[in-house]
Amino acid sequence: MRNRITLGEFIIENQKDFQYSSGEFSRLISSIKLASKIVNHEVNKAGLVDILGTSGNTNIQGEDQQKLDVYANEVFLKTLIKREIVCGVASEEEDDFVVIEGKNKSHDNKYVVLIDPLDGSSNIDVNVSVGTIFSIYRRVSPLGTPVKKEDFLQPGNLQVAAGYIVYGTSTMLVYTTGNGVHGFTLNPALGVYYLSHPNMTFPKRGKIYSINEGYYQHFPQGVKDYLKYCQEEVDGRPYTSRYIGSLVSDFHRNMIKGGIYIYPTSSKAPQGKLRLLYECNPMAFLAEQAGGEAIDGYRRIMEIKPTELHQRVPIFIGSKDMVNKAKEFMAKYPEDAKY
Ligand code: AHM
Ligand code: MG
(Lines give C-alpha, C1' and ligand atoms only; values in the text may rest on other atoms or scores of the structure.)
(Ligands and ions follow the chains in the order given, each with its own letter.)
Protein backbone atom coordinates (compact mmCIF):
# COMPACT_ATOMS: atom_id res chain seq x y z
CA MET A 1 0.00 0.00 0.00
CA ARG A 2 2.99 2.32 0.51
CA ASN A 3 3.03 3.90 -2.94
CA ARG A 4 -0.70 4.23 -3.30
CA ILE A 5 -2.35 7.60 -3.49
CA THR A 6 -4.86 8.41 -0.76
CA LEU A 7 -8.39 9.70 -1.36
CA GLY A 8 -7.43 13.07 0.11
CA GLU A 9 -4.42 13.38 -2.22
CA PHE A 10 -6.50 12.26 -5.19
CA ILE A 11 -9.15 14.92 -4.57
CA ILE A 12 -6.55 17.67 -4.33
CA GLU A 13 -4.69 16.45 -7.44
CA ASN A 14 -7.90 16.25 -9.47
CA GLN A 15 -9.61 19.35 -8.21
CA LYS A 16 -8.96 21.07 -11.55
CA ASP A 17 -11.20 18.45 -13.25
CA PHE A 18 -14.09 19.45 -11.07
CA GLN A 19 -15.83 22.28 -12.83
CA TYR A 20 -16.78 24.13 -9.65
CA SER A 21 -13.38 23.59 -8.11
CA SER A 22 -13.24 25.03 -4.63
CA GLY A 23 -12.02 24.03 -1.22
CA GLU A 24 -15.67 23.67 -0.25
CA PHE A 25 -16.09 20.57 -2.37
CA SER A 26 -12.94 18.91 -0.99
CA ARG A 27 -14.18 19.56 2.53
CA LEU A 28 -17.55 18.12 1.63
CA ILE A 29 -16.09 14.87 0.34
CA SER A 30 -13.81 14.73 3.33
CA SER A 31 -16.76 14.94 5.73
CA ILE A 32 -18.51 12.09 3.86
CA LYS A 33 -15.24 10.16 4.15
CA LEU A 34 -15.12 10.79 7.90
CA ALA A 35 -18.76 9.81 8.50
CA SER A 36 -18.26 6.64 6.45
CA LYS A 37 -15.39 5.57 8.71
CA ILE A 38 -17.54 6.04 11.81
CA VAL A 39 -20.42 4.05 10.29
CA ASN A 40 -17.97 1.40 9.07
CA HIS A 41 -16.65 0.99 12.60
CA GLU A 42 -20.17 0.47 13.96
CA VAL A 43 -21.24 -1.88 11.13
CA ASN A 44 -18.14 -3.98 11.73
CA LYS A 45 -18.95 -4.65 15.36
CA ALA A 46 -22.68 -5.08 14.75
CA GLY A 47 -22.81 -8.55 16.33
CA LEU A 48 -21.02 -7.39 19.48
CA VAL A 49 -23.06 -4.38 20.53
CA ASP A 50 -26.78 -3.84 20.85
CA ILE A 51 -27.20 -2.28 17.43
CA LEU A 52 -28.85 -5.08 15.46
CA GLY A 53 -32.57 -5.29 14.78
CA THR A 54 -35.28 -2.74 14.29
CA SER A 55 -35.44 0.56 16.12
CA GLY A 56 -39.17 0.17 16.63
CA ASN A 57 -39.86 3.15 14.34
CA THR A 58 -40.92 3.41 10.72
CA ASN A 59 -39.74 6.03 8.22
CA ILE A 60 -42.01 8.30 6.18
CA GLN A 61 -42.43 5.54 3.63
CA GLY A 62 -43.77 3.16 6.27
CA GLU A 63 -40.66 0.96 6.29
CA ASP A 64 -39.15 -0.39 9.52
CA GLN A 65 -36.04 1.51 10.50
CA GLN A 66 -33.16 -0.63 11.69
CA LYS A 67 -31.11 0.68 14.61
CA LEU A 68 -28.16 1.00 12.27
CA ASP A 69 -30.28 2.98 9.75
CA VAL A 70 -30.99 5.49 12.47
CA TYR A 71 -27.38 5.52 13.65
CA ALA A 72 -25.93 5.99 10.13
CA ASN A 73 -28.45 8.75 9.42
CA GLU A 74 -27.42 10.60 12.58
CA VAL A 75 -23.71 10.25 11.85
CA PHE A 76 -23.95 11.59 8.29
CA LEU A 77 -26.32 14.41 9.24
CA LYS A 78 -24.29 15.47 12.27
CA THR A 79 -21.03 15.42 10.34
CA LEU A 80 -22.45 17.53 7.52
CA ILE A 81 -24.23 19.94 9.87
CA LYS A 82 -21.28 20.42 12.21
CA ARG A 83 -18.82 21.20 9.48
CA GLU A 84 -21.14 23.81 7.97
CA ILE A 85 -20.18 23.01 4.42
CA VAL A 86 -23.56 22.36 2.81
CA CYS A 87 -26.72 24.42 2.87
CA GLY A 88 -29.05 21.44 3.20
CA VAL A 89 -29.37 17.67 3.37
CA ALA A 90 -32.19 15.34 2.37
CA SER A 91 -32.12 11.79 3.65
CA GLU A 92 -34.11 8.68 2.89
CA GLU A 93 -34.62 8.38 6.65
CA GLU A 94 -35.94 11.92 7.22
CA ASP A 95 -39.48 13.11 6.48
CA ASP A 96 -38.31 16.42 5.06
CA PHE A 97 -35.04 18.04 4.02
CA VAL A 98 -32.87 19.69 6.67
CA VAL A 99 -31.86 23.35 6.30
CA ILE A 100 -28.29 24.01 7.42
CA GLU A 101 -27.02 27.42 8.36
CA GLY A 102 -23.44 28.22 7.46
CA LYS A 103 -21.04 30.25 9.53
CA ASN A 104 -22.84 33.09 11.37
CA LYS A 105 -26.23 31.77 10.16
CA SER A 106 -25.26 32.87 6.66
CA HIS A 107 -26.84 30.28 4.29
CA ASP A 108 -23.91 30.99 2.01
CA ASN A 109 -22.92 27.41 1.22
CA LYS A 110 -23.40 26.19 -2.34
CA TYR A 111 -24.10 22.49 -2.13
CA VAL A 112 -26.93 20.20 -1.11
CA VAL A 113 -26.44 16.52 -0.31
CA LEU A 114 -29.01 13.76 -0.74
CA ILE A 115 -28.23 10.55 1.04
CA ASP A 116 -29.36 7.00 1.67
CA PRO A 117 -27.35 6.51 4.88
CA LEU A 118 -27.56 2.72 5.01
CA ASP A 119 -28.96 1.01 1.96
CA GLY A 120 -29.88 -2.66 2.15
CA SER A 121 -30.05 -2.51 5.93
CA SER A 122 -32.38 -5.50 6.12
CA ASN A 123 -29.18 -7.49 5.39
CA ILE A 124 -27.29 -6.32 8.46
CA ASP A 125 -28.61 -8.87 10.92
CA VAL A 126 -27.21 -11.65 8.74
CA ASN A 127 -23.79 -10.07 8.15
CA VAL A 128 -24.32 -9.24 4.48
CA SER A 129 -22.83 -6.12 2.84
CA VAL A 130 -24.67 -2.84 3.06
CA GLY A 131 -23.85 0.59 1.67
CA THR A 132 -24.25 4.36 1.81
CA ILE A 133 -25.28 6.28 -1.32
CA PHE A 134 -24.79 10.03 -1.79
CA SER A 135 -25.61 12.62 -4.41
CA ILE A 136 -24.43 16.25 -4.54
CA TYR A 137 -25.96 19.23 -6.38
CA ARG A 138 -25.31 22.94 -6.49
CA ARG A 139 -28.26 24.81 -5.04
CA VAL A 140 -30.50 26.70 -7.48
CA SER A 141 -31.94 29.14 -4.93
CA PRO A 142 -29.97 32.35 -4.26
CA LEU A 143 -26.98 32.22 -1.93
CA GLY A 144 -27.70 33.75 1.43
CA THR A 145 -31.28 32.44 1.62
CA PRO A 146 -32.41 29.23 3.34
CA VAL A 147 -32.32 26.22 1.04
CA LYS A 148 -35.62 25.28 -0.67
CA LYS A 149 -37.26 22.09 -1.91
CA GLU A 150 -36.35 23.01 -5.53
CA ASP A 151 -32.69 22.72 -4.59
CA PHE A 152 -33.28 19.01 -4.00
CA LEU A 153 -35.75 18.33 -6.82
CA GLN A 154 -33.19 18.63 -9.60
CA PRO A 155 -32.84 16.06 -12.38
CA GLY A 156 -29.92 13.66 -12.04
CA ASN A 157 -28.05 15.14 -14.99
CA LEU A 158 -27.36 18.22 -12.84
CA GLN A 159 -25.50 16.25 -10.18
CA VAL A 160 -21.99 17.53 -9.58
CA ALA A 161 -20.87 14.39 -7.77
CA ALA A 162 -22.24 11.07 -6.59
CA GLY A 163 -20.90 7.98 -4.96
CA TYR A 164 -21.32 5.11 -2.58
CA ILE A 165 -19.54 3.36 0.23
CA VAL A 166 -19.81 -0.40 0.29
CA TYR A 167 -19.25 -1.96 3.72
CA GLY A 168 -18.20 -5.32 2.31
CA THR A 169 -15.40 -7.81 2.80
CA SER A 170 -13.37 -4.63 2.54
CA THR A 171 -14.84 -1.14 2.74
CA MET A 172 -14.71 0.91 -0.43
CA LEU A 173 -15.67 4.45 -1.35
CA VAL A 174 -16.48 4.85 -5.05
CA TYR A 175 -17.31 8.25 -6.53
CA THR A 176 -17.57 10.38 -9.62
CA THR A 177 -17.46 14.10 -10.30
CA GLY A 178 -18.17 13.59 -13.99
CA ASN A 179 -14.63 12.54 -14.88
CA GLY A 180 -14.87 8.79 -14.61
CA VAL A 181 -15.47 6.57 -11.61
CA HIS A 182 -12.77 5.93 -9.05
CA GLY A 183 -12.71 3.43 -6.20
CA PHE A 184 -10.79 3.68 -2.91
CA THR A 185 -10.30 0.89 -0.40
CA LEU A 186 -10.16 1.58 3.31
CA ASN A 187 -7.11 0.33 5.16
CA PRO A 188 -8.85 -0.27 8.50
CA ALA A 189 -5.63 -0.30 10.50
CA LEU A 190 -4.72 3.20 9.34
CA GLY A 191 -8.23 4.56 8.73
CA VAL A 192 -7.12 5.75 5.29
CA TYR A 193 -8.79 5.25 1.91
CA TYR A 194 -6.32 4.39 -0.87
CA LEU A 195 -6.96 4.52 -4.61
CA SER A 196 -7.37 0.86 -5.57
CA HIS A 197 -9.73 0.99 -8.59
CA PRO A 198 -8.96 3.97 -10.87
CA ASN A 199 -11.27 4.51 -13.87
CA MET A 200 -13.80 1.78 -13.15
CA THR A 201 -15.86 0.76 -16.18
CA PHE A 202 -18.76 -1.57 -16.82
CA PRO A 203 -17.95 -4.26 -19.38
CA LYS A 204 -20.14 -3.48 -22.43
CA ARG A 205 -22.04 -6.68 -21.82
CA GLY A 206 -21.93 -9.24 -19.05
CA LYS A 207 -23.48 -12.46 -17.89
CA ILE A 208 -25.13 -11.49 -14.62
CA TYR A 209 -28.72 -10.43 -14.08
CA SER A 210 -29.84 -9.24 -10.66
CA ILE A 211 -33.52 -9.01 -9.82
CA ASN A 212 -35.82 -10.29 -7.08
CA GLU A 213 -37.41 -13.10 -9.10
CA GLY A 214 -39.71 -13.94 -6.21
CA TYR A 215 -41.98 -11.20 -7.60
CA TYR A 216 -41.93 -12.68 -11.12
CA GLN A 217 -45.72 -13.12 -11.32
CA HIS A 218 -46.17 -9.44 -10.54
CA PHE A 219 -43.72 -8.05 -13.12
CA PRO A 220 -44.71 -6.27 -16.37
CA GLN A 221 -44.72 -8.55 -19.43
CA GLY A 222 -41.61 -6.82 -20.89
CA VAL A 223 -39.60 -7.77 -17.77
CA LYS A 224 -40.91 -11.35 -17.84
CA ASP A 225 -39.91 -11.66 -21.52
CA TYR A 226 -36.43 -10.24 -20.81
CA LEU A 227 -35.94 -12.73 -17.97
CA LYS A 228 -36.87 -15.60 -20.29
CA TYR A 229 -34.32 -14.21 -22.79
CA CYS A 230 -31.65 -14.22 -20.03
CA GLN A 231 -32.44 -17.86 -19.32
CA GLU A 232 -32.45 -19.12 -22.93
CA GLU A 233 -29.85 -21.72 -23.90
CA VAL A 234 -28.37 -19.82 -26.88
CA ASP A 235 -25.64 -17.29 -27.83
CA GLY A 236 -23.69 -17.50 -24.57
CA ARG A 237 -26.82 -17.59 -22.45
CA PRO A 238 -28.26 -18.51 -19.98
CA TYR A 239 -26.87 -15.70 -17.85
CA THR A 240 -26.16 -16.15 -14.17
CA SER A 241 -28.63 -14.87 -11.59
CA ARG A 242 -27.03 -13.04 -8.64
CA TYR A 243 -29.12 -10.99 -6.22
CA ILE A 244 -27.81 -9.87 -2.85
CA GLY A 245 -30.71 -7.54 -2.12
CA SER A 246 -28.25 -4.73 -1.38
CA LEU A 247 -28.27 -2.34 -4.35
CA VAL A 248 -24.77 -1.03 -3.68
CA SER A 249 -23.24 -4.50 -3.53
CA ASP A 250 -25.19 -5.81 -6.53
CA PHE A 251 -24.19 -2.71 -8.54
CA HIS A 252 -20.55 -2.91 -7.44
CA ARG A 253 -20.24 -6.55 -8.46
CA ASN A 254 -21.97 -5.94 -11.78
CA MET A 255 -19.72 -2.96 -12.58
CA ILE A 256 -16.64 -5.13 -12.05
CA LYS A 257 -17.93 -8.29 -13.72
CA GLY A 258 -20.55 -7.04 -16.18
CA GLY A 259 -24.26 -7.32 -15.52
CA ILE A 260 -27.64 -5.69 -15.13
CA TYR A 261 -29.60 -4.85 -11.97
CA ILE A 262 -33.36 -4.45 -12.32
CA TYR A 263 -35.95 -3.24 -9.83
CA PRO A 264 -39.05 -2.89 -12.03
CA THR A 265 -42.56 -1.80 -11.30
CA SER A 266 -44.85 -4.62 -10.26
CA SER A 267 -48.49 -5.06 -9.42
CA LYS A 268 -47.31 -4.96 -5.77
CA ALA A 269 -45.11 -1.84 -6.18
CA PRO A 270 -46.59 0.12 -9.12
CA GLN A 271 -43.90 2.83 -8.91
CA GLY A 272 -41.04 0.41 -8.22
CA LYS A 273 -39.26 0.42 -4.86
CA LEU A 274 -36.07 2.43 -5.17
CA ARG A 275 -36.01 6.17 -4.62
CA LEU A 276 -35.13 8.46 -7.52
CA LEU A 277 -33.19 11.00 -5.47
CA TYR A 278 -31.34 8.88 -2.92
CA GLU A 279 -30.67 5.71 -4.90
CA CYS A 280 -31.42 5.83 -8.64
CA ASN A 281 -29.91 9.18 -9.67
CA PRO A 282 -26.56 8.74 -7.92
CA MET A 283 -26.22 5.16 -9.18
CA ALA A 284 -27.26 6.30 -12.69
CA PHE A 285 -24.57 9.01 -12.69
CA LEU A 286 -21.97 6.44 -11.63
CA ALA A 287 -23.21 3.92 -14.21
CA GLU A 288 -23.05 6.39 -17.09
CA GLN A 289 -19.64 7.64 -16.01
CA ALA A 290 -18.49 4.02 -16.02
CA GLY A 291 -19.78 3.47 -19.58
CA GLY A 292 -23.02 1.80 -18.49
CA GLU A 293 -26.64 2.93 -18.72
CA ALA A 294 -29.57 3.53 -16.40
CA ILE A 295 -33.20 3.74 -17.52
CA ASP A 296 -36.62 3.38 -15.95
CA GLY A 297 -37.50 0.85 -18.65
CA TYR A 298 -38.26 3.53 -21.25
CA ARG A 299 -36.26 6.69 -20.55
CA ARG A 300 -32.95 7.81 -19.07
CA ILE A 301 -33.16 7.97 -15.27
CA MET A 302 -31.12 11.20 -15.10
CA GLU A 303 -33.61 13.09 -17.29
CA ILE A 304 -36.60 12.47 -15.04
CA LYS A 305 -37.77 15.71 -13.41
CA PRO A 306 -38.35 14.87 -9.74
CA THR A 307 -41.61 15.99 -8.18
CA GLU A 308 -41.28 14.54 -4.67
CA LEU A 309 -38.36 14.04 -2.29
CA HIS A 310 -39.18 10.39 -1.68
CA GLN A 311 -40.35 9.61 -5.23
CA ARG A 312 -39.86 6.03 -6.39
CA VAL A 313 -38.97 4.89 -9.91
CA PRO A 314 -38.31 1.55 -11.58
CA ILE A 315 -34.67 1.05 -12.61
CA PHE A 316 -32.69 -1.02 -15.12
CA ILE A 317 -28.98 -0.28 -14.63
CA GLY A 318 -25.68 -1.76 -15.68
CA SER A 319 -23.79 -2.89 -18.78
CA LYS A 320 -24.85 -0.87 -21.82
CA ASP A 321 -25.78 -3.73 -24.16
CA MET A 322 -27.78 -5.51 -21.47
CA VAL A 323 -29.77 -2.41 -20.50
CA ASN A 324 -30.48 -1.71 -24.17
CA LYS A 325 -31.66 -5.27 -24.73
CA ALA A 326 -34.01 -5.02 -21.74
CA LYS A 327 -35.28 -1.70 -23.16
CA GLU A 328 -36.14 -3.45 -26.46
CA PHE A 329 -38.29 -5.96 -24.57
CA MET A 330 -39.97 -3.19 -22.58
CA ALA A 331 -40.76 -1.21 -25.75
CA LYS A 332 -42.93 -4.07 -27.02
CA TYR A 333 -45.61 -3.22 -24.49
CA PRO A 334 -47.22 0.10 -23.61
CA GLU A 335 -45.94 1.58 -20.38
CA ASP A 336 -49.39 1.57 -18.79
CA ALA A 337 -50.22 -2.05 -19.80
CA LYS A 338 -51.84 -4.15 -17.06
CA TYR A 339 -49.62 -6.78 -15.43
P1 AHM B 1 -33.73 0.14 1.56
O2 AHM B 1 -33.27 1.51 1.13
O3 AHM B 1 -34.96 0.19 2.42
O4 AHM B 1 -32.62 -0.66 2.16
O5 AHM B 1 -34.25 -0.60 0.24
C6 AHM B 1 -33.41 -0.67 -0.87
C7 AHM B 1 -32.98 -2.09 -1.08
C8 AHM B 1 -31.92 -2.25 -2.14
O9 AHM B 1 -30.63 -2.14 -1.63
C10 AHM B 1 -32.18 -3.65 -2.62
O11 AHM B 1 -31.67 -3.89 -3.89
C12 AHM B 1 -33.68 -3.73 -2.56
O13 AHM B 1 -34.08 -2.83 -1.55
C14 AHM B 1 -34.16 -5.09 -2.18
O15 AHM B 1 -35.54 -5.10 -2.17
P16 AHM B 1 -36.36 -6.49 -2.21
O17 AHM B 1 -36.15 -7.11 -0.88
O18 AHM B 1 -37.77 -6.09 -2.47
O19 AHM B 1 -35.78 -7.31 -3.34
MG1 MG C 1 -32.07 2.45 0.25
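The values are calculated or read from the model by the stated rules, or taken from the named source; none is laboratory data. The structure presented is a predicted model; accordingly, all values stated were derived computationally and were not measured. All Cβ positions, even for glycine, are placed from backbone atoms using ideal geometry, and neighbour counts span all protein chains on display. With ligands, DNA and RNA removed, areas are computed over all heavy atoms of the protein, side chains included. Shrake-Rupley method; radii C 1.70, N 1.55, O 1.52, S 1.80 Å.
Scanning the stretch 185-211 for residues that are free of Cβ contacts under 8 Å to residues at least 60 places away in the same chain and basic (Lys, Arg) yields a single hit, LYS207. Checked against (1) away from ligand 1 (no atom under 14 Å from the Cβ); (2) open to solvent by 20 Å² or more (accessible area, probe 1.4 Å), HIS252 meets all criteria but (1).
Among the candidates GLY53, GLY120, the residue that is on the phi > 0 side of the Ramachandran plot and within 20 Å of the chain's Cα centre (by Cα) is uniquely GLY120.
From the list LYS257, LYS268, pick out the single residue that is of a type outside the set (Ser, Thr, Tyr), touching a His at 6+ places or on another chain (Cβ under 7 Å) and not assigned by TED's automatic domain parsing to the domain that holds GLU150.
Result of the check over LYS257, LYS268: LYS268.
Among the residues of the stretch 79-130, those that are touching a Leu at 6+ places or on another chain (Cβ under 7 Å) and within 16 Å of ligand 1 (Cβ to nearest atom) comprise ALA90, SER91, LEU114, LEU118, ASP119, GLY120, SER121, ILE124, ASP125, VAL130. For the stretch 83-132, taking the residues that are among the basic types (Lys, Arg) and either in contact (Cβ under 8 Å) with a residue 40 or more places away in the chain or within 20 Å of LYS67 (Cα to Cα) (or both), the one that is nearest to ligand 2 (Cβ to nearest atom) is identified as ARG83. Please determine, by comparing only the residues of the stretch 228-277 that are within 15 Å of ligand 2 (Cβ to nearest atom) and among the polar types (S, T, N, Q), which one is nearest to VAL174 (Cα to Cα). The selected residue is SER249.
Out of LEU48, LEU68, I need the residue that is in a helix (DSSP H, G or I) and assigned by TED's automatic domain parsing to the domain that holds GLY120. Which one?
LEU68
Return a yes/no flag: does the stretch 266-287 have any residue that is away from ligand 1 (no atom under 16 Å from the Cβ), open to solvent by less than 60 Å² (accessible area, probe 1.4 Å) and not in a strand (DSSP E or B).
Looking for residues that are away from ligand 1 (no atom under 16 Å from the Cβ), open to solvent by less than 60 Å² (accessible area, probe 1.4 Å) and not in a strand (DSSP E or B), one finds at least one in the stretch 266-287, hence yes.
Looking at the stretch 191-244, which of the residues that are of a type in the set (Lys, Arg) and not in a helix (DSSP H, G or I) is least open to solvent (accessible area, probe 1.4 Å)? First the steps, then the outcome.
Quick first cut of the stretch 191-244, residues of a type in the set (Lys, Arg) only: 204-205, 207, 224, 228, 237, 242.
Retained after the next criterion (residues that are not in a helix (DSSP H, G or I)): 204-205, 207, 237, 242.
Details: LYS204: 117, ARG205: 151, LYS207: 107, ARG237: 27, ARG242: 120 Å².
Here the answer is ARG237.
The number of residues in the stretch 55-84 that are open to solvent by 60 Å² or more (accessible area, probe 1.4 Å) and of a type in the set (Val, Ile, Thr) comes to 3.
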